[in-house]
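*Asks:* Below are the structure tokens for one structure; questions will follow.
FYI, it's all coordinate maths here, none of it is from the lab. Small disclaimer: the values here were computed from a predicted structure and weren't measured. Cβ atoms come from the backbone with ideal geometry, glycine included; neighbour counts cover every protein chain shown.
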Amino acid sequence: MKIKILLRGALTKYFNGEKERIVEVPDGCTAEEALKLSGIDWTKIDNFGFVAVNGMRVMITEKLKDGDELKAYSKISGG
Amino acid sequence: MKRLRFSKKKCIGCQLCGQICSATHEGAFVPSKARVYIETYYDKGGVLKYQDSYCTLCGICFKNCPTGAISMDGKILVDHEVCIGCGTCAEKCPKKVVRLRDGKSYICDTCDGDPMCVKVCPQNALTFE
Amino acid sequence: MYGYQNKVLRVDLSKKTAAAEPLRMDWAEKYIGSKGLAIKYLYEELKPGIDPLSPENKLILMTGPMTGTTVPCSGKLGVAGKSPATGTICDCSIGGHAALRIKYAGYDAVIIEGALDKPGYLLIEDDKISFEDASELWGKGCHETEAILADKYGHEYSVLTIGPAGENLCGMACITSDYYRQAGRGGMGAVMGSKNLKAVVVKGTGGVKIPNVEEAVKRILEIQNEDVLQEDNTFVFDWGTTAFLEACQDGGILPYKNFSDTTDPNWTEYNGEVFMEKLEGKRGCGSCGLGCGNFLKIGDAICEGPEYETIAAYGPNAGNRDPEAILKANQVADDMGLDTISSGDVLAWAMEMTEKGIHDFGIRFGEMDTYIKYLEMIAKGEGIGKELAMGVKKLAGKYGGKDFAMEVKGLEYPQYEPRGSWGMSLAYAVSDRGACHMRAYAPNEEVFAASIPPYTPEGKGEMVYKLAQHNAVKFCLCICDFWGTISMETMAELMSLVTGKEWTVEEIADVGTRVINIARAFNQREGFTAKDDTAPKRIFKEALKNGPAAGQKIPEEAFEDMKQQYYKVLGWDENGLLPDSLIATL
């Protein structure tokens with residue numbers, strides 16, 4: 001299935017500065033797996049933040065559907 | 001010949017340049033004694049303005065010094081033994097960056113070709129090229 | 001210790017005297033500067049029970065040992081006093097350049113006591129202090145005031161001024177500098193107004209000494225390049241705080257229509273991209289490496305902003321999607337010297353009251369022309385503005401609608417929905433100055449870092465304590481919030497470099513804990529207890545309908561549990577009170 005991955009903050013370097021890519025992933029793939037397939041292993045990134053699917057925050061283990069938009073944020077701190 | 005260059009668009013008005021200049025030359029953070037004065041301010045809140053007083057190595061101070069206290073060789077040096085504090089350099093400096101203090105002239109010496117202000121500028125508004 | 005000027009300027013406005021006195025270095029060793037040291041001075045010098053709008057209140061402008069050095073992001077000025085909005089201790093942090101100029105003038109702090117008999121401003125030029133007449137300035141907005149003073153004195157002078165809001169003793173009045181920076185919360189502007197003090201104008205030509213300058217400067221520059229100037233922090237240069245809008249929207253904590261719900265499907269109409277397209281220039285504070293200020297123009301609206309709080313408060317929380325209206329309202333609030341968070345919450349409450357038919361305040365969600373007029377009326381105490389200026393707590397006391405009066409202790413809620421980040425309800429409840437996001441910023445952990453589940457009470461006491469401790473230390477050092485990656489280790493190293501005294505991580509962390517405790521002790525002395533660590537009933541009773549936190553409301557037992565966890569971590573009793581033995585250590 002095809003999904004769009006959007007990166008925010010310090011994560012854009014994993015797409016060489018591009019903010020989004022359309023990627024092909026296996027059916028029933030999780031957010032975690034989709035990111036890993038795109039070269040982003042969140043467990044190895046200190047400043048990995050949270051993920052959102054179609055504009056809503058989800059757990060990293062969330063299962064994706066065809067056409068979903070997966071957004072990954074780096075940590076931001078502030079106020 | 002390399003000289004200081006300044007990009008207004010990149011300047012955020014932090015004044016770290018003046019702070020590090022004075023720390024380097026005077027041993028304390030005293031921007032009023034720095035040899036670079038750059039700041040930004042809001043004119044009546046509606047326009048962002050820049051004061052950019054930095055040495056461009058134009059050489060006008062050197063050319064006009066009546067005593068020869070000022071030398072110029074890729075950087076300006078003032079011999080305080082010779083300087084009589086006449087103030088001609090300060091008066092003629094087009095960037096208004098030369099200042100007199102206690103009867104002597106103080107001018108940017110590019111930190112001997114490796115300017116500290118350039119090193120500290122967090123936004124690369126100041127470069128040396 | 002190096003770094004300090006070892007001098008405090010004590011100004012008595014009643015007697016029109018100003019004299020330098022030695023800094024209490026014994027207090028500085030325990031509280032360092034800015035937030036902590038200002039609270040210590042106020043704790044020692046203010047009698048409990050005074051009226052914050054009386055000459056007995058004091059306004060302290062407090063720098064830190066790093067102020068005026070090349071330590072990046074060290075240019076914030078602590079501003080503290082007893083708050084007219086809450087009756088608690090209140091400390092703010094204002095940007096711009098005033099902190100540096102006060103330090104270069106030779107002072108660690110300016111302590112302002114008493115009151116002038118008619119409007120005036122304080123002029124500080126190194127060791128020359130004078131009391132000037134402000135009759136021509138009184139009544140003018142902050143922007144016109146700064147323009148007049150800049151014409152008179154030039155740009156080497158920093159101006160801290162109040163607008164009509166402060167002059168009219170509004171509890172939401174702030175102190176302004178550099179046109180668009182504020183000491184925003186708790187009504188510090190009203191404290192100045194009650195002293196007939198229109199402005200403090202300061203120029204400093206002196207300097208700051210640290211030991212081993214050459215080595216220290218080199219190391220500090222290394223820290224700037226390796227730590228400050230990395231993407232985790234520099235996003236504030238690229239976006240300013242508009243970056244928080246998308247994260248809060250996706251994270252489910254963006255408030256909507258007076259916190260009646262979260263998220264707005266049309267958030268892209270007023271997001272970071274929309275505002276940054278109108279960028280005229282970037283600006284930062286003194287010694288800042290990041291430059292978060294966005295100077296924008298949209299239509300005839302001109303402002304350095306809007307910050308996230310203002311976007312959310314004047315945007316979705318007001319039922320508004322027009323970015324030009326947000327910027328215009330921001331400009332008006334800045335000029336009037338009015339806190340955008342509190343004014344936003346008051347107006348959102350008034351809108352809900354009107355729409356629900358409980359009381360007609362003449363404004364409904366989305367009515368931005370009226371909104372902008374109301375901001376001015378609140379500041380000037382005119383018409384309905386006079387009522388609205390009371391703040392949401394007093395208004396709800398008078399008219400009802402308490403359940404959705406979003407405040408704690410009389411300070412209005414910052415723009416993060418606690419039902420989407422339960423620890424934030426605790427952070428708001430126990431913050432020293434009323435509902436504040438700058439003490440413990442819970443969304444950092446619960447939402448943005450996803451490091452702890454957001455919809456449970458477990459572990460939130462410890463989490464809020466650790467966040468509050470970290471920020472307390474940071475703000476004692478005058479370090480800006482946006483150096484987000486700064487660690488305790490770095491803060492200890494910077495303190496050692498600047499003061500010449502070795503500071504360990506334990507010692508510096510202890511300062512943070514001590515500051516939390518002394519602020520609490522101040523409030524305790526004023527009569528505040530656990531029953532004042534509250535949350536508006538809306539968050540207990542009403543479940544969110546939209547966003548990732550849909551369905552969430554906070555059970556009251558969970559809230560009380562989080563409070564008790566927090567008290568326990570700090571060694572306070574079940575009533576949230578410090579034991580005498582702990583107070584004795586402060």
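*Asks:* Taking θ = phi - 60°, what integer Hz values does the Karplus form 6.51 cos²θ - 1.76 cosθ + 1.60 yield along the stretch C:119-135, in sequence order, with x for Gly and Pro?
*Replies:* Using θ = phi - 60°, the values come out as x, x, 9, 8, 10, 10, 10, 6, 8, 9, 10, 9, 10, 9, 7, 10, 4 Hz.
*Asks:* What's the center-to-center distance, using Cα atoms, between the stretch B:1-73 and the stretch C:163-225 in Å?
*Replies:* 25 Å
*Asks:* Amide H of C:LEU411 versus every other amide H placed in the peptide plane: which residues, excluding those fewer than 5 positions away on the same chain, fall under 5 Å?
*Replies:* C:ALA435
*Asks:* Same structure again: Kindly identify chain C as rounded, prolate or oblate by the Cα gyration tensor criterion: order the square roots of the eigenvalues as a ≥ b ≥ c, call it rounded if a/c is under 1.5, otherwise compare a/b with b/c, prolate if a/b is larger, else oblate.
*Replies:* Rounded, since a/c falls under 1.5.
*Asks:* Let me ask something additional. What is the local net charge at C:ALA19, summed over the other residues whose Cβ is closer than 12 Å to its Cβ (Lys, Arg +1; Asp, Glu -1)?
*Replies:* Counting the neighbours of C:ALA19, the net charge comes to 0.
*Asks:* Let me ask something else. First select every other residue whose beta carbon is under 15 angstrom from the beta carbon of B:TYR42; then total the charges, Lys and Arg +1, Asp and Glu -1.
*Replies:* -4
*Asks:* Something else about it: Give me a comma-separated list of calculated 3J(HN,Hα) values for the stretch C:294-299, in order, Karplus coefficients 6.51, -1.76, 1.60 applied at θ = phi - 60°, integers in Hz, x for any Gly or Pro.
*Replies:* 10, 8, 10, 9, 10, x
*Asks:* Oh, and also: Go ahead and collect, in residue order, the members of the stretch C:378-411 whose backbone nitrogen is under 16 Å from a label point 7 Å along the Cα-Cβ direction of C:LYS541.
*Replies:* Answer for this model: C:396-407.
*Asks:* At a 10 Å Cβ-Cβ cut-off, how would you order C:TYR179, B:TYR41, C:TYR31, fewest neighbours first?
*Replies:* B:TYR41, C:TYR31, C:TYR179
*Asks:* Mean shadow of the stretch C:337-407, computed from the convex hull of its alpha carbons, in nm²?
*Replies:* 4.1 nm²
*Asks:* Could you calculate the FRET efficiency of A:MET59 with B:CYS86 from 1/(1 + (r/R0)^6), where r is the beta carbon distance between them and R0 is 45 Å, rounded to 0.05?
*Replies:* 0.05
*Asks:* I would also like to ask the following. Between C:GLU215 and C:LYS128, what is the spin-label point distance in nm, taking each point 7 Å from the Cα along the Cα→C-beta axis?
*Replies:* 4.1 nm
*Asks:* Ok, one more. Could I have the simple spin-label model distance between B:ASP73 and C:ILE50, label points 7 Å from Cα toward Cβ, reported in nm to one decimal?
*Replies:* 6.4 nm
*Asks:* Another question, then. Quick one: 3J(HN,Hα) in Hz for the stretch C:74-91, Karplus 6.51/-1.76/1.60 with θ = phi - 60°, rounded, Gly and Pro as x.
*Replies:* 10, x, 7, 10, x, 10, 9, x, 7, 7, x, 7, 10, x, 8, 5, 9, 10
*Asks:* For the stretch A:7-49, just say rounded, prolate or oblate: build the C-alpha gyration tensor, square-root its eigenvalues into a ≥ b ≥ c, call rounded for a/c under 1.5, and beyond that prolate if a/b exceeds b/c, oblate if not.
*Replies:* oblate
*Asks:* Something else: What is the stretch C:469-521 by shape, rounded, prolate or oblate, if you read a ≥ b ≥ c off the alpha carbon gyration tensor as root eigenvalues and call it rounded for a/c under 1.5, prolate for a/b larger than b/c, and oblate otherwise?
*Replies:* Verdict is oblate for the stretch C:469-521.
*Asks:* Tell me, C:TYR428, C:TYR121 in order of fewest to most beta-carbon neighbours within 10 Å?
*Replies:* Listed from fewest to most nearby Cβ atoms, that is C:TYR121, C:TYR428.
*Asks:* Another one. Per residue of the protein assembly as shown, what 222 nm ellipticity follows from adding -39500 (n - 2.57) for every DSSP H run with n ≥ 4, rounded to the nearest 500?
*Replies:* Estimated from H runs of four or more residues: -9500 deg cm²/dmol.
*Asks:* Next question. Would you mind giving the mean number of other chain beta-carbons within 10 Å of the Cβ of each residue in C:483-491, as a whole number?
*Replies:* 1
*Asks:* Would you list, by chain and number, the aspartates and glutamates whose Cα falls below 13 Å from the Cα of C:LYS218, excluding same-chain residues fewer than 8 positions away?
*Replies:* The reachable aspartates and glutamates, counting only those whose Cα sits under 13 Å from C:LYS218, are C:GLU226.
*Asks:* Among the lysines, which fall within straight-line cross-link reach of C:LYS466, defined as a Cα-Cα distance under 23 Å, with same-chain neighbours fewer than 8 residues apart omitted?
*Replies:* Straight-line reach from C:LYS466, under 23 Å: A:LYS75, C:LYS30, C:LYS35, C:LYS40, C:LYS76, C:LYS409, C:LYS474, C:LYS531, C:LYS563, C:LYS568.
*Asks:* What ranking do B:98-104, C:50-56, C:237-243 get when scored by the average of other Cβ atoms within 10 Å per residue, highest first?
*Replies:* Final packing ranking: C:237-243, C:50-56, B:98-104.
*Asks:* I'd like the FRET efficiency for A:THR43 and C:THR534, computed as 1/(1 + (r/R0)^6) with the beta carbon distance as r and R0 of 41 Å, rounded to 0.05.
*Replies:* According to the calculation, E is roughly 0.55.
*Asks:* If you average 1/r over all unlike Cα pairs in the protein assembly as shown and invert the result, what Kirkwood radius do you get in angstrom?
*Replies:* 26.9 Å
*Asks:* Still on this structure, please answer the following. Which net charge results for the neighbourhood of C:VAL392, defined as the other residues with beta-carbon distances under 9 angstrom from its beta-carbon, given Lys and Arg at +1 and Asp and Glu at -1?
*Replies:* -1
*Asks:* Here is a follow-up. Could you order the peptides C:433-441, C:32-40, C:572-580 from most to least packed, using the average number of other C-beta atoms within 10 Å per residue?
*Replies:* Result, highest mean first: C:32-40, C:433-441, C:572-580.
*Asks:* Please get the size of the charge dipole for the protein assembly as shown, origin at its Cα centre, with Cβ charges of +1 on Lys and Arg and -1 on Asp and Glu, quoted in debye to the nearest 20.
*Replies:* For the protein assembly as shown, the charge dipole is close to 1320 debye.
*Asks:* Considering just Cα atoms, how many Å³ per residue does the convex hull of the stretch B:57-107 enclose?
*Replies:* 62 Å³
*Asks:* Same structure, new question: Using the Cα centre of chain C as origin and beta-carbon charges of +1 (Lys, Arg) and -1 (Asp, Glu), tell me which of C:GLY33, C:GLY120, C:THR67 is placed farthest towards the positive end of the dipole.
*Replies:* C:GLY120
*Asks:* Pairs of lysine in the stretch C:237-400 with Cα under 15 Å and at least 8 positions apart or on different chains: total?
*Replies:* 9
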